[in-house]
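The values are calculated or read from the model by the stated rules, or taken from the named source; none is laboratory data. What you are looking at is a predicted structure, and each value in this text was computed from that prediction instead of being measured. When we count neighbours, we look across all protein chains shown, and the Cβ atoms used for this are built from the backbone with ideal geometry, even at glycine.
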């Protein structure tokens with residue numbers, strides 16, 4: 001996991017590592033939007049029962065919790081908060097490709113691809 005420069009308490013909902021923040025910032029810079037949020041969530045589906053979702057959004061909804069994590073503006077719906085509590089979002093690059101990885105302490109089971117879990 002990448003070293004973190006921001007201090008966070010044990011009750012932090014989500015931690016975004018420096019490498020993930022750098023990649024999110026790079027991707028956000030390619031968007032033509034003045035105000036952009038990183039929306040994190042979960043949805044039913046995937047090979048383990050639940051899957052993670054991650055996308056840019058220009059709107060904050062009424063049931064969203066807005067957070068500033070490692071200089072990234074993040075929104076998470078109230079419904080997804082309990083599933084994501086304590087999760088670390090990391091980014092690993094490499095010559096054969098890379099990607100974002102969720103490390104969720106609430107997951108009782110995760111699939112091999114790292115994009116779905118069950119609680």
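A few remarks follow.
- Count of the stretch 60-75 residues which are touching a strand residue (DSSP E or B) at 6+ places or on another chain (Cβ under 6 Å) and part of a loop (DSSP other than H, G, I, E, B): 3
- Options 61, 84, 89, 40: the member that is surrounded by fewer than 18 Cβ atoms within 10 Å (Cβ to Cβ) and either closer than 13 Å to residue 13 by Cα or without any contact (Cβ under 8 Å) to a residue 24 or more places away in the chain (or both): 61
- The single condition among (1) out of contact with any helix residue (DSSP H, G or I) (no Cβ under 6 Å at 6 or more places or on another chain); (2) surrounded by 13 or more Cβ atoms within 10 Å (Cβ to Cβ); (3) at pLDDT 85 or above; (4) under 24 Å from residue 18 (Cβ atoms) that residue 72 does not meet is (1).
- Exactly one residue out of 51, 116, 2 is touching a helix residue (DSSP H, G or I) at 6+ places or on another chain (Cβ under 6 Å) and at pLDDT below 90: that is 2.
- Take the conditions (1) surrounded by 19 or more Cβ atoms within 10 Å (Cβ to Cβ); (2) modelled with pLDDT under 95; (3) under 12 Å from the mean Cα position of the chain (by Cα); residue 21 misses just one of them, which is (2).
- Residue that is farthest from residue 26 (Cα to Cα), among those in the stretch 76-106 that are assigned to a loop (DSSP other than H, G, I, E, B) and within 14 Å of the chain's Cα centre (by Cα): 105
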